[in-house]
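The values are calculated or read from the model by the stated rules, or taken from the named source; none is laboratory data. Everything numeric here is computed off the predicted structure, so don't read it as measured data. All Cβ positions, even for glycine, are placed from backbone atoms using ideal geometry, and neighbour counts span all protein chains on display.
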Amino acid sequence: MSAIRQFLALLRVSLSGLVLRRGPVLTIIVGVGCAVGVLVSMLAMGAGARRQEMSGVRDDRVVVAELGQRPLFGSIPRQDAAAVRNLPYIRRDGDGRPIVVMESMIPIDGRRRGSGARIFIPLIGVTSNITAYRPEMRFTGGRMFRPGMHELVASNACTRLFSGFQIGDRRSIRGMAWTVVGHFGADFNGQCTIFADVNTIMSAFSRDTYSGIEVMLRSAADFDAFSAALKADPAVHLYPERQRTVMARNFKPLNSILDFTSYFVGAIMAIGGTLGAINSLYAIVDSRRRELATLRALGFRPGTIVTSTLCESMLLALPGALLGAALAWFFFSGLSASPFGYSFRLDVTPALALLGVAWALAMGLIGGILPALRAARVPVTTALRAT
């Protein structure tokens, strides 16, 4: 009998006897299912954060920063900002004005709801054409701030995460009372973001330079031409980056923390599930010692027995993977999370489900190695003594 026919015959015999070994089989399925469910649900945090942070990103948006500085952390003189406004390839609004947003960022402290923990959050001074640059910035309550006034507008994430951001609330900033007059965009981004008039912010904090500039191009294809035009002016020490690049870099530390935590916890659960699978497979092999010895006496090769046992282990892990991914999707997909002052919804994607299946198959493979070797070493004398 060929090796392939031996393998298929052994696998068929092994699978047909699973009904008689329900205890060890259920132990493997449940253990693998728990490990996969935890891994997929943890990774869903990172997937949800990435989907949230990139939800409003557009390729025709450009962030202009000072050379040698990160965006929003520079000191851009007013004359440089005026030079950017006069560059070509910039989209114009309905009144014919270039869509260029000047920004000045100030960190202020916020108090988390419930715990009262103090966390610094960004207050960003912007020009009033921010709504033309971000058309997705839809107000869900109140109105836009008025230029020259001590008024704030906050994203809905601020009201969920921090106290003191309801419409009408007054916050003391730089010894002056600032009034919250509007809330915007449930899906604007997951981070608490506060906007105010940039000139009022700069006056309150005695600043004369901008932190950054954001530009909307006529089309995404104009980025290279816009970049060349900006660099052609030797008096302007600025550089452009696509908004997508800046967002990915800004959120990379958060994504790295979420991914590390997910794989660390998932690995611990996988070790537990694999040890459970090893014990259960040992029990299955011990219950089949006479059967395996008889097959050895009939001429079945040890390598074929090892391969069929490993395949059986991986096939037993597969329903556990599907169970774990299904439970993660049912209980956690769409669930809100708010770590590190950032709000997003968990997103169990098909890619994560496939990763969970691969994770389970690896657990089945590793967990089946030792029992498979034990099955191949069952002495033929066991069958002869039984006879």
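What to note about this one:
- Qualifying residue in region 251-267 (condition: touching a Ser or Thr at 6+ places or on another chain (Cβ under 9 Å) and farther than 27 Å from Ile106 by Cβ): yes
- Hits in region 160-170 - residues which are aliphatic (A, V, I, L, M) and surrounded by fewer than 23 Cβ atoms within 10 Å (Cβ to Cβ): Ile167
- Sole residue being of a type in the set (Lys, Arg) and touching a residue at least 24 places away in the same chain (Cβ under 8 Å), chosen from Arg118, Arg97, Arg92: Arg97
- Lone qualifier among Gly74, Gly68 - being modelled with pLDDT under 90 and either among the acidic types (Asp, Glu) or surrounded by 15 or more Cβ atoms within 10 Å (Cβ to Cβ) (or both): Gly74
- If you go through region 180-218 and keep only what is over 34 Å from the mean Cα position of the chain (by Cα) and not hydrophobic (A, V, I, L, M, F, W, C), you end up with Asn199, Thr200, Ser203, Ser206, Arg207, Asp208, Thr209.
- Selected residue (only one of Gly56, Gly37, Gly94, Gly48 is closer than 18 Å to Glu136 by Cα and within 26 Å of the chain's Cα centre (by Cα)): Gly56
- Residue within region 99-112 that is part of a loop (DSSP other than H, G, I, E, B), at pLDDT below 90 and of a type outside the set (Asp, Glu) present: no
- Residue within region 347-359 that is of a type in the set (D, E, K, R) and modelled with pLDDT of 80 or more present: yes
- The set of residues in region 125-159 being buried (at least 20 other Cβ atoms within 10 Å of the Cβ), in a strand (DSSP E or B) and of a type in the set (A, V, I, L, M, F, W, C) consists of Val126, Leu152, Val153, Ala154.
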